[in-house]
1. Can you give the FRET efficiency for Lys260 and Asp32, using 1/(1 + (r/R0)^6), R0 = 30 Å, r = Cβ-Cβ distance, to the nearest 0.05?
2. First measure r as the distance between the Cβ atoms of Gln162 and Ala103, then evaluate 1/(1 + (r/R0)^6) with R0 = 25 Å and state the FRET efficiency to the nearest 0.05.
3. In nm, to one decimal, how far is the modelled label at Leu184 from the one at Met402, with both set 7 Å along Cα→Cβ?
4. For Val110, list long-range residues whose amide hydrogen, built 1.01 Å from N in the peptide plane, is under 5 Å from its own amide hydrogen.
5. In whole Hz, with x marking every Gly and Pro, tabulate ³J(HN,Hα) for the range 373-387 from phi via Karplus 6.51 cos²θ - 1.76 cosθ + 1.60, θ = phi - 60°.
6. Can you tell me how much longer the chain between Ile2 and Arg234 gets when fully stretched, taken as 0.36 nm per residue apart minus their C-alpha distance, in nm with one decimal?
7. Mind listing the long-range amide H neighbours of Ile161? Cut-off is under 5 Å, sequence gap 5 or more, other chains count too, H placed in the peptide plane at 1.01 Å from N.
8. Place the peptides 65-77, 14-26 in order of packing, highest mean first, counting for every residue the other Cβ atoms within 10 Å and averaging per peptide.
Amino acid sequence: MIEKDDQFNPPPEMMEDGKFEKVSKTIDVWYDGIMVMGTDILLKWELASNMVRPQSSSQHALPNYVAVAPRMYKGVIESLVRRMIPFADLIQITHLKLQQVIARTVPDGVFIDADGLNEVDLGTGAAYNPEDALRLYFQTGSVIGRSYTQDGDFNQARVPIQQLTSNSGASKTQMLITNYNHYLNMIRTVTGLNEARDGSTPDPNSLVGLQKLAALNSNTATRHILQGSLYVYRTLAEALTYRVADILEYSDFKDDFINKIGKYNVSILNDISDLYIYDFGIFIEVSPDEEEKAQLEQNIQMALSKSDINLEDAIDIREIKNIKLANQLLKVKRKQKQERDEKNAMLQQQMQAATQLKSQQMAAQTAMQKSQAEMNAKMQIKQAEIAFEIEKMKNEAQLKSMLMAEEFNYNQQLRGMTEEALSQRESQRETAKAGRISQQNTEQSKLINQRKNNLPPQNFESNEDSLDGFDLAEFDPR
C-alpha cells in the first residue's frame, strides 16, 4: 500500500485493469481556533494537537468541550425559556397595570345630604352641622336623621350620610390578578411544569397517586433537560477515563502525577490503562419514577404468583434502585429458581426411584420373609403334627401295651379261671365218674348179690336230682 493524499486519483484505465485499488478511511478530528466575537474574524484556526481519542477506535475523537442541544429543529433550539418569554412579558405588563391601578385608587368616601341634617336637635343647644355628623359617623358609625320634617312631611333625606365605594378600583384589581394567573397558567402549559411539580397550589383533597401522576407528567415535559445533563455528565466521565490513560502513557508530567496520587494508585491505573470504557463500569442511570417502580412491582408480583422467585429474592430486587439492574436480577433470580426447581425435581425423582426400589426390595424381602415364615410355620406345624402323631402313636402303643397287658392279665385270669373251671369240671367229672363207677360197681355188686341171693328188684333211682353235677331239680318229672 502506498500512502497518498485525498487529491490522488489513479488513471481510470489502470483502475479498470485491476492494477490499482483505492482504499480510504475517515478519521474524526477537531480544530482549535480563536474568533473575535461579533465579527467574522478568525485569529487562529489549526488542527488540534491534543485530542481525546479512544484506544479501540482511531476514527473517533471526543471534543474538548461538551455541549448538548436536546431540542433543535432546523438549527433552531426550541427552549423552555423561549416559550415562556411572551407570557412572561404579559405578566410584567399586568404587574405594571396593577401598580397603576393601586396608585390611582382613592379611599372610600361618604355622601352627606345637608337637607337631612336640618332641624336635628342633639340636645346640646348647638346646631347639627356636617362636621359634627362626620365626627359622629367615623367615631361611632352611627347617623342621626329625621324621617319627617317639622311640618309633618316625609323627609327624603332621612339618611344624611351614605358610603361611596364606586371609586375603590377593586374590580380592576381583580381583573388584573385574574389575567396574571391566566398568564402564569399559560407558562405552566407551554413548559409542562404544573402545580404538582412546583408545589404552588397542591389540592389537599387529591390522592397521593394522582399527585405523583401529575408530577410524572411534568417530568415527561422536562425529561430532555435531564437527558441532556446526563449526556454531558457521561461524556465528561468517558473523556476523563481516556485522559487518565493518556497521562500514564504520553504525558510529560507523569512523575508529578505519581507524586500527587501515590505510586500504588498509579500502579492500579497502569493495570487499567489498557481497558476499554465499558470495563470501567461507568454507567449513569436516572432514578426510577413511580410508573417504573409500579411496573417493576407488577413484574415481581407476577413472578411471586407463579412461584418463579422467593420472597427473599423479591426483597433483594426491591432494594436495587436501578430499574435495569433490578429487571436483570429478576431474570437471574427467576432462572436460578427454575434451575433449583428442576434440580429439586430431579432429586425428588431420584429419591422417589430410590424409595420405590427400596420399597420393592423391602417388599421382596418382606415377601421372602413371609414365605420363609410361612414355610417355617408349615414346618413347625408339620413337625408339631409329626410330633403329635409320634406322641399319639407312643400313647397308642403305650395304651395298647397297657391294654395288651391288661388283656393278657385278663386272659391269664380267664385262662386260669377257665383252666380252674376245667380242672374243677374234670375233677367233678372224675369225681362223678368215680361216683358212677362206684355206684355202678355198687349196683353191679347189688345185682350180683341179687342174682346170687335171688333178691327182689333193686331201685337204682338217685336220691339227688343231679347228673354229673347238673341239677335237675328244677324240672318237674312228667
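1. 0.65
2. Step by step, r from the Cβ atoms, then E = 0.40.
3. 13.4
4. It is Leu164, by chain and number.
5. Along the range 373-387, the couplings run 5, 4, 5, 4, 5, 5, 5, 5, 5, 4, 4, 5, 5, 4, 4 Hz.
6. 79.5 nm
7. Amide H to amide H, under 5 Å and 5 or more residues apart or across chains, Ile161 pairs with Asp113.
8. Those peptides, ordered most packed to least, come out 65-77, 14-26.
Read-outs: derived from the displayed coordinates by stated rules, not from any lab. Note that the structure is a prediction, hence the values are computed from the model and not measured. Note that each Cβ is placed from the backbone with ideal geometry, even for glycine, and that neighbours are counted across all protein chains shown.
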